[in-house]
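The values are calculated or read from the model by the stated rules, or taken from the named source; none is laboratory data. Only a predicted model underlies this, so the values are computations on that prediction, with no experimental measurement involved. To get the accessible areas, we keep the full protein, side chains included, count just its heavy atoms, and leave off ligands, DNA and RNA. Shrake-Rupley method; radii C 1.70, N 1.55, O 1.52, S 1.80 Å.
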Amino acid sequence: MSLFRHLHDDAFLAFSRDHKHLYAACLLDLHERFFSGAPAFPTPQQVVHAIYDVMRANPALWSEGDDFGNLPEMISAGRRRIRKADVALASEKGDKALGLARQLYARLLAWGWLEEEEYGLRVTVDMAMGPLLIIQRLASLNKDLSQRFGGLIVQIRLNLEAVEKLRPEITDRKQREAALAVREARNQADQFTKSLRAILADLKRIRRTVMESKTVATRLEAFFEEFVDQLLLKDFESILTVNHPYRFRDAIVDLARRISYTPDTMQVLAEEYTASSMAADVEDGRMAAADDLLAIENIFEQIGEMFERIEAFRRQLEARVRNTIKYAERGGQGLVGRAGDLVRRLDALLRDGRHEKATVEWSIEPLRSPWSEHHQAPARQPRRPVEARELAGPPSDPLYELRKKLRLEYIARIAPRPEDVRRFLEGQVPPFATKEARFMEIDSVDDFLAFDCARRYALTGEVPGLIAAGFDLEPCPDTPPHDSEWLRCANFVVKRSGPHRNARAAHAQ
């Protein structure tokens, strides 16, 4: 499969054997030491030395069957392969561990994680692209998982504001290169969505950890360490304070729409996309820029549901911990149990006569007898046979039914069906004719929704079959835009097609 074309067939054997933790520790150490940061081309001896250091620092990962004890420190030095820093510790144990390090290195070579290259008489070790990308992701998972995006939303807004100022008459290369910030803003928006999903997944993990705790103490410890310290004080602080995405969501959506509806700015974007090899030609660049802006608009229009889920999980988790504390006090180890033990000890001291005049100034509830003729349990009656009868229907709530009806009507109205859009176009475009969007009249909310759907069909080229059978929708960027009280957008053309155009062609013949 194409998914594994950059990986060796046996690459994941390193994480499926008994010493998978040792292989993982070695790969992470090699990535941190040689294959991240400044470029480095280690020799095989240096890589074996690094694996030996990992084994020396983590003896529990490989000494399950062979306990080699304390290992001597090994140092790579110049042309010498490996010299022993402490001759007193040089023994059979160190040689055996060094042989195991060479064996691990040979397996990493055989499984495709490492590869040797010859440059004349010198042999160096490198990591291929596929294994390098995988180990980078594993290294990021091994570090702090908390997401940091406090300034991400502000950066997206600033990038779009810079793009909005672009015009064809601007010739300064530095200013025109700001057009490439649209693609970067889309990538940042995708990163922001992934960060929200990471927080939601972390909340699920914390809830599972808290509820799997066996005792109240471990449950509270998991709550405060996992939720309060790791998530609440880091991720929630960055999204629920001054950097809350709702603060800039409307501004970002408006900026993306204004840019996509401005032909001059879209022309600059198309030219810069083509110049930077992000598109084949100007028309392709215009479509790519419109796609990026539409993606940014959709992402920030739909983040509300993600925040509602995060808030719901947070409330549920806090409610569970609150109930745990509430009911824990009612057990034998809580406040009631301790108070009962204290009262019994005080009664014992009074019975011994050691504190005859011991009094406590407090109001005590008068004692009442729990026995009464009204408190007796009723006698058990003979069990009645089961009788077949009709099941009662669920209770009907008129308010709920009304809200449900209104919600369905709203959903059906906010997303027009293809037949609704076709009906709108039939009312706007006469038979055997062509009409531009800038000359269309919008008289109601339904007309506006149908017009917006037609605009998206023309922009993306994905026209439903019911509409394509009678109409052709094409963008028309070089003409004045549609500008009305409802919206301002790029112009497009609607042509009659299908049976109507065939009928006109037959009539002309």
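Structural remarks
- Take every pair of alpha-carbon atoms less than 8 Å apart whose residues are at least six positions apart; their mean separation over the length of the range 376-509 yields a relative contact order of 24 percent.
- When all protein chains stay in place and ligands, DNA and RNA are ignored, the 1.4 Å accessible-area order of SER277, SER260, largest first, is SER277, SER260.
- Solvent exposure ordering (accessible area, 1.4 Å, most first) of SER276, SER396: SER396, SER276
- Among ARG137, ARG258, the order of accessible area from largest down is ARG137, ARG258, computed with a 1.4 Å probe on protein heavy atoms.
- Think of a 1.4 Å ball rolled over the protein heavy atoms: the range 384-509 then has 70 Å² of accessible area per residue.
- Share of carbon and sulfur in the accessible heavy-atom surface of the range 381-509 [1.4 Å probe, %]: 55
- Dimensions of the range 158-197 based on its C-alpha atoms, expressed as ranges along the principal axes with the largest first, amount to 42, 14, 12 Å.
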